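Enquirer: Quick one: this structure, given as structure tokens, is what I'll be asking you about.
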Amino acid sequence: MNSENSYQIAIKVLKEASFEHGFLASVQNEANYKRVWTRDSVICGLAALQTNDTYLVQTFKKALITIFDHQHDAGFFPSNVGLEDKHLSFGGPVGRTDNTSWAIIGMCKFLIQHPDSNFADRYFNNIVNGFKVLDAWEFNGKGLIYVPQSGNWADEYYQHGYLLMDQLLRVWALELAAEVYNLDHYKHKATSLRTIIEENFHGSNQHQKAYMPLIEKSKSNFPKDYWIGGFNPSTIYTNFDLLANTLAIYLKLGSSQIQEQLISFLKNTVNNSEFMIPSFSPTIEVDEPDFNTLLYLHSFKFRNFPHQFHNGGLWPVWNGFLAGVIANTDKRLAEEIGKRVDHACKLGTSENQVWDFNECFNGITNKTQGISKCSWSAAGLILSKNAFL
């Protein structure tokens, strides 16, 4: 099956996941996936905007209306909205800090491609209140938001604190809102955050201002070829976070040399494997102390065995997003990653089944380990086919 056919099949899956209130997380009849999830819907919406398919673009608009109409009075956005059972969730044990930025990103990307002053005005106060809650989540007023454990898409992973992915989503949201609403103070805030991030999440410069004493003491041990995952007052997470580093490339974070080093790191990672890139690496093994923390972080059943789920698992959505982002700088590498996303989405849960669009895969066996017909896996394939702008 060639890439053009795979693209059309992915579009079909997104259309099957579309309904009157937006995108469902999966076509499958799974209760937890038959909801409008903020994060998933925005990813699907970004893919829809790439296709210029009128039906999918309108479904994205419906999803945005659902998400924004269910914003909490305090300013944060829902984790998911269940329209059939009227269930509204703002998270599990804790809320989701990334959803607020994702919601604003989705709205602004939609408005940039499909300008509508009435739609923009209708939800302007929602965006203002979203940024206010992000400001409050700094807690110390120094710039970075503090993410609780289980507080973003990797809700069964062990990290917490000042996580890079959440900081970059906020920067992206601020810059988009500044463009849509012509507000300089959002642009200035984003510029300030960029400086703080560049000073504290990369080991290239040992003399920048440290956010906390632990950064100053540990900076010499930071990797030089990618951005660290994050830190908190007692821990530095020097692991590789695929989504965070993809955002760093997209937002052109750091110097051109830093960007080139990151692309080179990704190229070596791809050359040394035959499948997709893990969302987090290295994998936490069962004899490591952090594995004990993982054991308690699950909602329904434990899924973070080594090389699975968030613990070294492989996700088409983030690999596809990466391929679309780096197509602007290294088209050949993007095409190679895109081929692997195609292959992953084609794999079925049985020998006779193809184009399963599974949610995630084992990092060693490459076997499917998630829900079938996952809408954001289809979105990942779509995003991999065009340079993401």
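The values are calculated or read from the model by the stated rules, or taken from the named source; none is laboratory data. What you see is a predicted model, and the numbers here were worked out from it, not measured in a lab. A quick note on method: Cβ atoms are made from the backbone with ideal geometry, for glycine too, and the neighbour counts reach across all protein chains shown.
To keep it simple, each residue is scored yes or no on (1) part of a helix (DSSP H, G or I); (2) not charged (D, E, K, R).
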{"position": "Phe300", "(1), (2)": "no, yes"}
{"position": "Asn304", "(1), (2)": "no, yes"}
{"position": "Asp342", "(1), (2)": "yes, no"}
{"position": "Cys345", "(1), (2)": "yes, yes"}
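Enquirer: Let me ask another. Between a first residue in segment 15-29 that is closer than 15 Å to Asn358 by Cα and a second residue that is part of a loop (DSSP other than H, G, I, E, B) and among the aromatic types (Phe, Trp, Tyr), which pairs have beta carbons less than 7 Å apart while being 6 or more apart in sequence or on different chains?
Expert: none
Enquirer: Now for a different question. Which of the residues that make up segment 212-238 are outside any loop (DSSP other than H, G, I, E, B) and under 13 Å from Gln159 (Cβ atoms)? It would help to see each step written out before you state the result.
Expert: Step one: of segment 212-238, the residues outside any loop (DSSP other than H, G, I, E, B) are 213-221, 228-232, 235-238.
Answer for segment 212-238, where residues must be outside any loop (DSSP other than H, G, I, E, B) and under 13 Å from Gln159 (Cβ atoms): Ile228, Gly229, Gly230, Phe231, Asn232, Thr235, Ile236, Tyr237, Thr238.
Enquirer: What single numbered condition from (1) touching a Leu at 6+ places or on another chain (Cβ under 9 Å); (2) in contact (Cβ under 8 Å) with a residue 40 or more places away in the chain; (3) closer than 17 Å to Gly143 by Cα fails to hold for Asp225?
Expert: Failed condition: (3).
Enquirer: Something else now. Of all residues in segment 239-278, which are in contact (Cβ under 8 Å) with a residue 40 or more places away in the chain, part of a loop (DSSP other than H, G, I, E, B) and farther than 30 Å from Thr368 by Cβ?
Expert: Leu251, Leu253, Gly254, Ser255
Enquirer: Looking at segment 281-290, which of the residues that are of a type in the set (Val, Ile, Thr) and touching a strand residue (DSSP E or B) at 6+ places or on another chain (Cβ under 7 Å) is surrounded by the most Cβ atoms within 10 Å (Cβ to Cβ)?
Expert: Taking segment 281-290 first, the residues of a type in the set (Val, Ile, Thr) are 283-284, 286.
Checking the rest, the ones that are also touching a strand residue (DSSP E or B) at 6+ places or on another chain (Cβ under 7 Å) come to 283-284.
Numbers: Thr283: 19, Ile284: 24.
Here the answer is Ile284.
Enquirer: If we scan segment 310-333, do we find a residue that is at pLDDT below 95, of a type in the set (A, V, I, L, M) and surrounded by fewer than 22 Cβ atoms within 10 Å (Cβ to Cβ)?
Expert: Keep residues of segment 310-333 that are at pLDDT below 95, which gives 328-329.
Those left that are additionally of a type in the set (A, V, I, L, M): none.
Scanning segment 310-333 turns up no residue that is at pLDDT below 95, of a type in the set (A, V, I, L, M) and surrounded by fewer than 22 Cβ atoms within 10 Å (Cβ to Cβ).
Enquirer: Hey, could you check segment 35-80 for residues that are assigned to a loop (DSSP other than H, G, I, E, B) and surrounded by fewer than 21 Cβ atoms within 10 Å (Cβ to Cβ) and say which is modelled with the lowest pLDDT?
Expert: In the first step, residues of segment 35-80 are kept if they are assigned to a loop (DSSP other than H, G, I, E, B); the result is 35, 52-53, 70-79.
Subsequent filtering for residues that are surrounded by fewer than 21 Cβ atoms within 10 Å (Cβ to Cβ) retains 52-53, 70, 72-75, 79.
Values: Asn52: 91, Asp53: 96, His70: 96, His72: 97, Asp73: 96, Ala74: 96, Gly75: 97, Ser79: 95.
It comes out as Asn52.
Enquirer: Filter segment 356-369 down to residues that are touching a residue at least 24 places away in the same chain (Cβ under 8 Å) and crowded, with 20+ Cβ neighbours inside 10 Å and give me whichever is farthest from Gln308 (Cα to Cα).
Expert: Taking the candidates together, the pick is Phe357.
Enquirer: Of the conditions (1) touching a Leu at 6+ places or on another chain (Cβ under 6 Å); (2) modelled with pLDDT under 95, Tyr211 clears all except one; give me its number.
Expert: So Tyr211 meets the others, but not (1).
Enquirer: Test Asn32 against the criterion of being surrounded by fewer than 17 Cβ atoms within 10 Å (Cβ to Cβ) and under 21 Å from the mean Cα position of the chain (by Cα), and give yes or no. Full working, then the answer.
Expert: Details: surrounded by fewer than 17 Cβ atoms within 10 Å (Cβ to Cβ): yes; under 21 Å from the mean Cα position of the chain (by Cα): yes.
Judged against the criteria, Asn32 is a match.
Enquirer: Here is a follow-up. In this structure, does Tyr237 turn out to be at pLDDT 95 or above, surrounded by 20 or more Cβ atoms within 10 Å (Cβ to Cβ) and under 30 Å from Pro316 (Cβ atoms)?
Expert: On the way: at pLDDT 95 or above: yes; surrounded by 20 or more Cβ atoms within 10 Å (Cβ to Cβ): yes; under 30 Å from Pro316 (Cβ atoms): yes.
Yes, satisfied.
Enquirer: Please count how many residues of segment 267-280 are buried (at least 23 other Cβ atoms within 10 Å of the Cβ) and of a type outside the set (Ser, Thr, Tyr).
Expert: As a first pass, look at segment 267-280 and keep what is buried (at least 23 other Cβ atoms within 10 Å of the Cβ): 276, 278-280.
Those left that are additionally of a type outside the set (Ser, Thr, Tyr): 276, 278, 280.
Residues that pass the stated criteria total 3.
Enquirer: I'd like the full set of residues that are hydrophobic (A, V, I, L, M, F, W, C), under 16 Å from Ile277 (Cβ atoms) and part of a loop (DSSP other than H, G, I, E, B), limited to segment 347-389. Before you say what the answer is, go through the steps one by one.
Expert: We begin by selecting, within segment 347-389, every residue hydrophobic (A, V, I, L, M, F, W, C); these are 347, 354-355, 357, 360-361, 364, 371, 374, 376, 378-379, 381-383, 387-389.
Filter once more, so that each one left must be under 16 Å from Ile277 (Cβ atoms): 360-361, 364, 381, 383.
Correct list: Cys360, Ile364.
Enquirer: Select, from Ser101, Ser89, Ser117, the only residue that is farther than 19 Å from Leu163 by Cα and surrounded by 15 or more Cβ atoms within 10 Å (Cβ to Cβ).
Expert: Working: Ser101 fails: farther than 19 Å from Leu163 by Cα; Ser117 fails: surrounded by 15 or more Cβ atoms within 10 Å (Cβ to Cβ).
The unique qualifying residue is Ser89.
Enquirer: Can you give me the ranges of the helices (runs of 4 or more DSSP H) entirely in segment 98-137 with at least 3 residues that are more than 22 Å from Thr59 (Cβ to Cβ) and at pLDDT below 95?
Expert: Working: elements: 98-113, 117-122, 124-136.
Answer list for segment 98-137: none.
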